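Student: Structure provided below as structure tokens; questions to follow.
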Amino acid sequence: MSLPAPEPTDPAGLDSLLTADEKAVRDAVRQALDRVAEPYIAEWFEAGEIPNIRELTKELGDLGVLGMHLEGYGCAGMSATEYGLACLELEATDSGLRSLVSVQGSLAMFAIWHWGSEEQKQEWLPRMAAGVAIGCFGLTEPDVGSDPGSMKTVARRDGDDWVLDGRKMWISNAPYADIAVVWAGTAEGIRGFVVPTDTPGFSAPEIKHKMSLRASATGELVLDGVRLPASAMLPEARGLKGPLACLNEARYGIVWGALGAARSSLEVARRYAIDRIQFGRPIAAFQLTQQKLADMSLEYIKGYLLAVHLGRRKDASRLRPEQVSIGKLNNVREALEITRTARTILGANGISLEYPVIRHQNNLESVLTYEGTVEMHTLVLGQLLTGESAFR
């Protein structure tokens, strides 16, 4: 009995790794994105904004992808692997969309869900899951990136209230957020605060002139004497453990998401090579082109296998932060190389927004840096391998 030949879009038969439910989640996300985002994403990227952002977040809320891996409070309660597949499909459309969902669900919502009071959960999570309220996550500062323990934003007690002063930088969703989870130094260590963005003294000016993640609004958080009640503090988060746990959730989504940008670029390059005629034959018939396509396909396959493995471990509550670092380090780095190689196959057309490749490539330059740089994740793995910390 002979087996049918694999599909060129799935030469390793990766689809067989997924359950029927996982495929259904993936397909539902893909179909929704093809309707609400795919026809417009190049225009949004070129314009540097999503003009109907509130409508889009409500669509994503109706789809169930906002906080989809969280339980209760209107969240879908999906598995980690299903969440990863959704991230892959989101980033296959654009990294900015996956960033919107990641910041909403894995950073802002997860912080409240994991570290917040019952009152905070009831007030914010149902609206955020529905896409009615948008959240952002304030950790990075103008002079503090990879070393969050050196943050300069402070919160001081004033009677029963807290007063926050400081700046946060490169904050996704900030310009249109309704709620910000802000981390600040206090006399008792780093603590998190739930800050409604209409609080006096709070502002979120947008960062312009970006050449990456242009379909994702990025801003600064300015806190000038922002007064909050005692109930605004996340009661269960103390020290860096709070924000780092949230970052680990977001990094897991990136492990999958980067593969979406890679898959989109690889498939565009494959089809282009078959259709593009040079020297009287398709460029797909030339050995160098086939080598590029084969190398890209191999790296995608390996990255996908790693993502599924980490997803299964997370679903079994056996995923370590160091293992997420392995996934983030490998998959983003290889996805970026795939987009760069795909660009060469498209030639001059590779820099046109008529094709998604240069958009994915530019976006991945940001994904390579945020939620832990290549250098930081390299040193996490290095410490695991040697037992020696090289961070300082």
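The values are calculated or read from the model by the stated rules, or taken from the named source; none is laboratory data. Predicted model, so just to flag it, every value in this text is computed and none were measured. Using ideal geometry, Cβ is built from the backbone for each residue, glycine included, and neighbour counts are taken over all protein chains shown. Accessible surface is based on the protein model in full, side chains and every heavy atom, while ligands, DNA and RNA are left aside. Shrake-Rupley method; radii C 1.70, N 1.55, O 1.52, S 1.80 Å.
So that you can scan it fast, the table gives a plain yes or no per residue for (1) outside any strand (DSSP E or B); (2) within 26 Å of residue 125 (Cα to Cα):
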| site | (1), (2) |
| --- | --- |
| 181 | no, yes |
| 198 | yes, yes |
| 215 | yes, yes |
| 224 | no, no |
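Student: Hey, any hits in region 167-178 for a residue that's of a type in the set (Asp, Glu) and out of contact with any Gly (no Cβ under 9 Å at 6 or more places or on another chain)?
Tutor: Looking for residues that are of a type in the set (Asp, Glu) and out of contact with any Gly (no Cβ under 9 Å at 6 or more places or on another chain), one finds none in region 167-178, hence no.
Student: When you scan region 148-169, do you find a residue that is open to solvent by less than 60 Å² (accessible area, probe 1.4 Å), farther than 21 Å from residue 239 by Cβ, outside any strand (DSSP E or B) and aliphatic (A, V, I, L, M), even just one?
Tutor: No, region 148-169 contains no residue that is open to solvent by less than 60 Å² (accessible area, probe 1.4 Å), farther than 21 Å from residue 239 by Cβ, outside any strand (DSSP E or B) and aliphatic (A, V, I, L, M).
Student: So, one more: Starting from region 306-327, take each residue that is acidic (Asp, Glu) and list its partners that are open to solvent by less than 50 Å² (accessible area, probe 1.4 Å) and assigned to a helix (DSSP H, G or I), counting only C-beta distances under 6 angstrom and pairs at least six apart or across chains.
Tutor: Between residues of region 306-327 that are acidic (Asp, Glu) and residues that are open to solvent by less than 50 Å² (accessible area, probe 1.4 Å) and assigned to a helix (DSSP H, G or I), the close pairs are 315/80; 315/81; 322/380.
Student: Turning to a different aspect of this structure: Name every residue in region 301-316 that is part of a helix (DSSP H, G or I) and more than 18 Å from the chain's Cα centre (by Cα), in order of residue number.
Tutor: Of everything in region 301-316, those that are part of a helix (DSSP H, G or I) and more than 18 Å from the chain's Cα centre (by Cα) turn out to be 301, 302, 305, 309, 312, 313, 315.
Student: Grab the helices (runs of 4 or more DSSP H) fully contained in region 73-138, keeping just those with 3 or more residues being free of Cβ contacts under 8 Å to residues at least 60 places away in the same chain and aliphatic (A, V, I, L, M).
Tutor: Here the list is empty.
Student: Does residue 261 satisfy the criteria of being in contact with a Leu (Cβ under 6 Å, 6 or more places away or on another chain) and crowded, with 19+ Cβ neighbours inside 10 Å?
Tutor: yes
Student: Working only within region 181-213, note down all residues that are under 23 Å from the mean Cα position of the chain (by Cα) and polar (S, T, N, Q).
Tutor: 197, 212 - these are the residues of region 181-213 that are under 23 Å from the mean Cα position of the chain (by Cα) and polar (S, T, N, Q).
Student: Now for a different question. Given region 317-392, what helices (runs of 4 or more DSSP H) lie entirely inside it while holding 1 or more residues that are surrounded by 14 or more Cβ atoms within 10 Å (Cβ to Cβ) and under 15 Å from the mean Cα position of the chain (by Cα)?
Tutor: 321-346, 357-367
Student: Continuing with the same structure: Which pairs have Cβ atoms under 8 Å, sit 6 or more apart or on different chains, and link a residue in region 27-47 that is in contact (Cβ under 8 Å) with a residue 60 or more places away in the chain to one that is open to solvent by 80 Å² or more (accessible area, probe 1.4 Å)?
Tutor: Pairs that qualify, where the first residue is in contact (Cβ under 8 Å) with a residue 60 or more places away in the chain and the partner is open to solvent by 80 Å² or more (accessible area, probe 1.4 Å), are 42/354; 44/51.
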